[in-house]
Amino acid sequence: MKSHTEHLYFHTKSKQEFINITHQVEESVKKSGVKEGLCLVNAMHITASVFINDDESGLHQDFSTWLEKLAPYGKDKYKHNLSGEDNGDSHLKRTVMGREVVVAITGGGLDFGPWEQIFYGEFDGQRKKRVLIKIIGE
Ligand code: ZN
């Protein structure tokens, strides 16, 4: 069995951002030489997500609006922030959008459904963050 590990690094300009990382993950699969297997992609931070959806800007605005309704930013709104942090909302947003994705590798490529793309979701940015890619297979 082959295995391949890689990290992607992010330092977003804004607190919240969605970044399409499909191309980087595809490059990683190519580098791994795996033709049949699995590709795990996960955020290494508890205020960031990796998720799969459509690369459509209206939808991304809808995600932001929806998340802000569920967990609005606010220093005084969360018990977590009593510890001196201000990112209670970011932890909740990350939990809703998910920690990781697993994509099948078939014929040496990511085996997506129609319109599926992989995104990094940042909810407490403006600092260095990391995503893990782990590929296993033959
Ligand atoms: Zn926190």
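Before moving on, here are some points about what is shown:
- In order along the stretch 86-103, the phi-based Karplus estimate (6.51 cos²θ - 1.76 cosθ + 1.60, θ = phi - 60°) of 3J(HN,Hα) comes to 10, 10, x, 4, 5, 4, 5, 4, 4, 5, 5, 7, x, 8, 8, 10, 10, 10 Hz; Gly and Pro are listed as x.
- Extending 7 Å from Cα along the Cβ direction at LYS2 and again at GLU138 yields two label points whose distance is 1.3 nm.
- Rounded, prolate or oblate (a/c below 1.5 giving rounded, otherwise prolate when a/b exceeds b/c) for the stretch 45-113 by Cα gyration tensor: oblate
- Candidate cross-link partners of LYS128 among the lysines, defined by an alpha-carbon separation under 30 Å and a same-chain spacing of 8 or more, comprise LYS2, LYS13, LYS15, LYS30, LYS31, LYS69, LYS75, LYS77, LYS79, LYS93.
- Computed from label points 7 Å out along Cα-Cβ, the spacing between GLN61 and ILE46 is 3.4 nm.
- Options GLY37, GLY58, THR95, ranked by Cα towards positive dipole end of the chain, top entry (Cβ charges): THR95
- Three-way shape label, the stretch 74-138, alpha-carbon gyration tensor, a/c 1.5: prolate
- Cα gyration tensor category, rounded, prolate or oblate, for the stretch 2-137 with a/c compared to 1.5: prolate
- Computed helical MRE - 222 nm, the chain, DSSP H runs ≥ 4 contributing -39500 (n - 2.57), nearest 500: -8000 deg cm²/dmol
- Placing +1 on the Cβ of every Lys and Arg and -1 on the Cβ of every Asp and Glu, with no other charges, gives the chain a dipole of roughly 580 debye about its Cα centre.
- Segment GLU27..TYR9, full-extension length gain: 5.0 nm, with 0.36 nm per residue of separation and the alpha-carbon distance subtracted.
We did not get these values from a lab; they are worked out from the coordinates using the rules stated. Since this is a predicted model, take the numbers as computed values, not measurements. Reconstructed Cβ throughout: ideal geometry from the backbone, glycine too, with neighbour counts over all protein chains shown.
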